[in-house]
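The values are calculated or read from the model by the stated rules, or taken from the named source; none is laboratory data. Just so we're clear, the structure is a prediction, and the values are computed from it rather than from any experiment. Here the Cβ positions follow ideal geometry from the backbone for every residue, glycine too, while neighbour counts run over all protein chains shown. SASA here: full protein model, heavy atoms, side chains in, ligands and nucleic acids out. Shrake-Rupley method; radii C 1.70, N 1.55, O 1.52, S 1.80 Å.
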Amino acid sequence: MAASKKYFSLLITLLIVVVGAVSLSDALYGQDAISESVQSISQDLAQQEPQDAVQEISTQKSSNQEISTSTAESTSTIDSSPNAEDSVYGTWLSVLPPLVAIGFALAFRQVLFALFIGIWMGAWLGGDMSLISLFPTFFASLTDYVVPSTADEGHMSIIIFTIMIGGMVGVITDNGGTRGVIHKLSSYVKTKIHGQILTAIIGFLVFFDDYANTMVVGNTMRPLTDRLRISRAKLAYLVDSTAAPVATLALISPWIGAMVGYISTAEEGIPEFTEAAYSVFINSLPYNFYAFFTLIFVLMIAASGRDFGPMLKSRIELYKAQKDPKLDKYNLYKEHIEKDEAKQTQSHWINAAIPILILIGGVVGGLLVTGEGDTLQDIIATADSYAALLWGSLFSLVVAIGMTIAQKLLTVNQALEGMFKGMHVMFDGLLVLVLAWALSQVTYDLGTADYLVSVFGANLNPFILPAIVFVLSAATAFATGSSWGTMGILMPLVLPLVWSLGIEYVLDTETISTLMYASVSAVLAGSVWGDHSSPISDTTILSSLATQCDHVEHVNTQFPYALVGGLLSIGAYLAVIALGLPWWAAYGIGIGIIWVTIRVLGKSPDPAEFS
C-alpha cells in the first residue's frame, strides 16, 4: 500500500511538472512561435556545416575518454544550435531534466526510473513542448538517446571493461583467492581504522585511472571491510574519494593528458599567452584545493574512527542489523551467509593478487604501447586509454581462469560459472550508467552548460573569478554527471575570459599568470566536486557498483563529506587569490578546520550499544 502511494505521488508530481512547463512555455513563447522557430532552425541547420568550435571540443572529448557528445550532425530530437532563437537551448529550462532526475532519485530512491524521466523530459523540451508530443518523445528517449549512448565506442569500452572486471572478480572469489587475500590482510588489519586506512592507501597507489581505481579497490577491499563491519557506504566513499582526486594530481595519467589537451585548445584563443600547456598544469597544482582537501579528509576521517551525518546513521544501522534482520540489507549478519562462507574454498592469496596486478600492469602497459612521443608524459597524453583498459581487463580475466584450472581449484564449468556470476553482479549498475550517459547527452543538446556560464559570467571581478569558476564547474558537473565533459566545455571558455579580464583591469603579467593557474585548477577541482556530489555521475555510479552499495545511500552519505572539501576550497580560493594569503597557509588552516569538524561533529559509536 505504501509503495502504491509513493508511485501515485510520483506520477502526480510528474504531471504537475509537465503541465506547468507546458503552461509556462505557452505564456513565454506561444505555441505557434515555438513550432515555427523549431522548423525554421532545423531547415537552417540542414544547410549549414557544424561549427568548428563544436567539432573541436567533441574531438578533444572523444580522444580523452570523456562522455561522448554529438555535434550538430546528431540525429537528436533537440535543436542544439546556440544561435537558435525562441528555443530552450541555453535557457533556464535546460537545467530541468537533470534537476528532475536528481530530485526523483533522491526522493523516491529509484535511480533508473528517475534517469529515464529526466531523459524523457529533455526529449520533450527539445520538441514543441505540447501534451501531444509526450507520446512520441517517450519512444524518442530510447531511440535517440539511450541506444546511441551504448553505440558510442568509448562507452562500450567502459561497459565491456566493467563486465570483464566483474568476471575476473567472480573467478578469484570462487577459486578462493579473494578469501586468501583477506586472510593475509587480516593478520595485519585488525580494526576498522586499519581497514579504512588500508583502503585509502591502495586507492592512492592505483593513480593511473579513476575507473580502474574504483573497480580494483572496491572489489578487492569489499570482503575485508564486510568482515570488519565497515559499512558499504563508508567503503564506497573511500573508493570514490581516492579515485578522481588522485588521478587529477598524478603527474602522469589520462586525466592529465586530457587537461593538457584542453589547456592547449584554450591557449589557441590567447596568442599572447605562450606558456606550454603542461607547464600551466604543473603550476596550477598548488591551487587544486579540493583534491588535496578531499584526500586529507579521507585520511583524517579514517584515522579518527569517527563519522557524522548520514554516514554515521548508516554505520549505526549496520550495528543494529545484527539484532534486526530488516536492517541487514547487505546480508552481512545472516546465518546462511556465514554457512556459505564456511563452505567456500580458501586458496593462496596469490591466486587473487596476480590477476589484480596483471590488470594494473596491463592497463599501464597498454597506455605505453598505444601512446606516442619522446617523453613519458607525451606517451600517456596520446595513449588510447580505452584500449588499455580493455587489454588489461581481458588479460587479467584469462590469467585468473588459467590459474584456477591449472591448479584444479575449479573445473572449467565451475570457473565459467563464477565468471558469469561476477559479470551478472555488474548489470544493474551498468543500466544506471547507460541512462546517465544518455542524460548527459540531453544536457549537452539543451545547452545546460551554456546557461550556467551565462548565469555566472556577468560582472566578474578577476580576483574572485577562480572561486566563481570552481562553483560553476561544480554546478555543471553536478547537472551533467560528467567531470570530463565539464572540463572540455569550460576550459576553452574560462582561460580566454581570465586573460581578457586581466588586460581590462591592467594587471601585470605575473598576476594574470597566477589567475590563469588558479582558474585551471578551479575548473578541474570543481568538476571533481560536482562529480562526487551528483547521483548521475558515472564515477559515482561505478563506486556504488564496485562496492555493491545502494547508489542513493552512497550519494546521501558522501555528500556532507564532499561539501566540507568544497566549502573549504571556496574559502581557499577567496583567501589566496582575493586576499593574498599564501597557498601553503590556506592548506594549514584547512587541515585545522577539517580536524575540528571531525572532532566536533564526528562520533564513534560502540557496536555493543546497538547489538
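Structure summary
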{"read-out": "Failed item in (1) modelled with pLDDT under 70; (2) in a helix (DSSP H, G or I), with Leu332 passing the rest", "value": "(2)"}
{"read-out": "Near pairs, Cβ below 9 angstrom, 6+ apart or cross-chain, from region 358-379 (in contact (Cβ under 8 Å) with a residue 12 or more places away in the chain) to any residue that is among the charged types (D, E, K, R) and part of a helix (DSSP H, G or I)", "value": "Gly371/Asp378"}
{"read-out": "Hits in region 297-315 (condition: touching a helix residue (DSSP H, G or I) at 6+ places or on another chain (Cβ under 6 Å) and farther than 19 Å from Ile593 by Cβ)", "value": "Gly305, Pro310, Ser314"}
{"read-out": "Long-range neighbours under 8 Å by Cβ, at least six apart or interchain, first residue assigned to a loop (DSSP other than H, G, I, E, B) within region 399-425, second of a type in the set (D, E, K, R) and surrounded by 20 or more Cβ atoms within 10 Å (Cβ to Cβ)", "value": "Leu410/Asp174"}
{"read-out": "Flag for Val523 being at pLDDT below 90, buried (at least 24 other Cβ atoms within 10 Å of the Cβ) and under 18 Å from Pro466 (Cα atoms)", "value": "no"}
{"read-out": "Answer from Leu495, Leu490, Leu501, Leu515 - the residue that is without any contact (Cβ under 8 Å) to a residue 60 or more places away in the chain and open to solvent by less than 10 Å² (accessible area, probe 1.4 Å)", "value": "Leu490"}
{"read-out": "Residues satisfying the stated conditions in region 402-438, i.e. among the small types (Gly, Ala, Ser) and within 30 Å of Ala101 (Cα to Cα)", "value": "Gly422, Gly429, Ala436, Ala438"}
{"read-out": "Every residue from region 368-398 that is within 26 Å of Gly177 (Cβ to Cβ) and either open to solvent by less than 30 Å² (accessible area, probe 1.4 Å) or among the charged types (D, E, K, R) (or both)", "value": "Ala388, Leu389, Gly392, Ser393, Ser396, Leu397"}
{"read-out": "Residue in region 109-124 that is part of a helix (DSSP H, G or I), modelled with pLDDT under 85 and not aliphatic (A, V, I, L, M) present", "value": "yes"}
{"read-out": "Enumeration of residues in region 231-265 that are modelled with pLDDT of 75 or more, aliphatic (A, V, I, L, M) and crowded, with 23+ Cβ neighbours inside 10 Å", "value": "Ala233, Leu235, Ala236, Leu238, Val239, Ala243, Ala244, Val246, Ala247, Ile263"}
{"read-out": "Among the residues listed as Ala140, Ala151, Ala200, the single one being aliphatic (A, V, I, L, M) and open to solvent by 50 Å² or more (accessible area, probe 1.4 Å)", "value": "Ala151"}
{"read-out": "Residues satisfying the stated conditions in region 516-540, i.e. touching a Gly at 6+ places or on another chain (Cβ under 6 Å) and part of a helix (DSSP H, G or I)", "value": "Trp529"}
{"read-out": "Residues located in region 161-195, provided they are of a type in the set (S, T, N, Q), part of a helix (DSSP H, G or I) and open to solvent by 10 Å² or more (accessible area, probe 1.4 Å)", "value": "Thr173, Thr178, Ser186"}
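Residues are listed down the side, and each one gets a yes or a no for (1) under 28 Å from the mean Cα position of the chain (by Cα); (2) small (Gly, Ala, Ser); (3) open to solvent by 20 Å² or more (accessible area, probe 1.4 Å):
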| position | (1), (2), (3) |
| --- | --- |
| Val564 | yes, no, yes |
| Gly590 | yes, yes, no |
| Leu601 | yes, no, yes |
| Ala608 | no, yes, yes |
